[in-house]
Each structure stands twice: as C-alpha cells, then as structure tokens.
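The values are calculated or read from the model by the stated rules, or taken from the named source; none is laboratory data. This structure is a prediction, so every number in the text was calculated from the model and none was measured. Please note: Cβ atoms are built from the backbone with ideal geometry, for glycine as well, and neighbour counts cover all protein chains shown. Keep in mind that these areas ignore ligands, DNA and RNA; they rest on the heavy atoms of the full protein, side chains included. Shrake-Rupley method; radii C 1.70, N 1.55, O 1.52, S 1.80 Å.
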Amino acid sequence: MGGFRHFFALTGTGLRSIPQRLGAALVTVISIATVIGVLVALLALGQGLESFAQKGVSDEEVIVIANT
C-alpha cells in the first residue's frame, strides 16, 4: 500500500512543479508527439506497401527503375 502513496506523492509533486519548468515540459510533450507522429506515418507506409505488394498485378503493368 505504501507504493501507491509514494506514486501519488511523486506524481503530485511533479505536476505542481510544471509551472516552474514550463519550457522543458513543453519540449518533452512536443517531442513525444513528434515521435508518435513519425511512428504512425511509418506504420501507415508499411501497411500501404504491404497492400500494394499483395494486390494482383496484371501482365500489362510494369515498374521501371532507372539505374543512373
């Protein structure tokens, strides 16, 4: 039971001190949001590539890759 008390005490202390370190808190929030955005974009790209690779390709469709 003492672990929960410590957890809530530390959480409360951390939340009360946010106005004193607003800049650092904003940088942390923006950084985490950016990382999540990149992760979502990469997952969407992977899903799109997977669906593209699984669709049937007819003999009339060609992909040309130039090697220069």
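Taking +1 at the Cβ of each Lys and Arg and -1 at the Cβ of each Asp and Glu, which of G14, V38, V62 sits farthest along the dipole of the chain towards its positive end, judged by Cα position relative to the Cα centre?
Farthest towards the positive end: G14.
For every helix of n ≥ 4 consecutive DSSP H residues, a contribution of -39,500 (n - 2.57) applies; sum these over the chain, divide by its total residues, and give [θ] at 222 nm rounded to the nearest 500 deg cm²/dmol.
-25000 deg cm²/dmol
For segment 32-68, state which GluC sites (Glu not before Pro) are in a DSSP loop and have at most 11 other beta carbons lying within 10 Å of their beta carbon.
Within segment 32-68, the qualifying GluC sites (Glu not before Pro) (loop, at most 11 other Cβ atoms within 10 Å) are E60, E61.
To the nearest 10 degrees, how steeply does helix 2-16 sit against the main Cα axis of the chain, on a 0 to 90 scale?
80
With a 1.4 Å probe and every protein chain left in place, work out the accessible area per residue of the chain in Å², rounded to a whole number.
94
Pop out the carbon and sulfur fraction of the accessible area of the chain as a percent, whole number, probe 1.4 Å.
Roughly 70 percent, rounded to a whole number.
Only loop residues by DSSP count here, and only those with at most 10 other Cβ atoms within 10 Å; note down the trypsin sites (Lys or Arg not before Pro) in the chain that meet that.
K55
By how many degrees, 0 to 90 and rounded to 10, does the Cα axis of helix 22-54 deviate from the longest principal axis of the chain?
The angle comes out at about 20 degrees.
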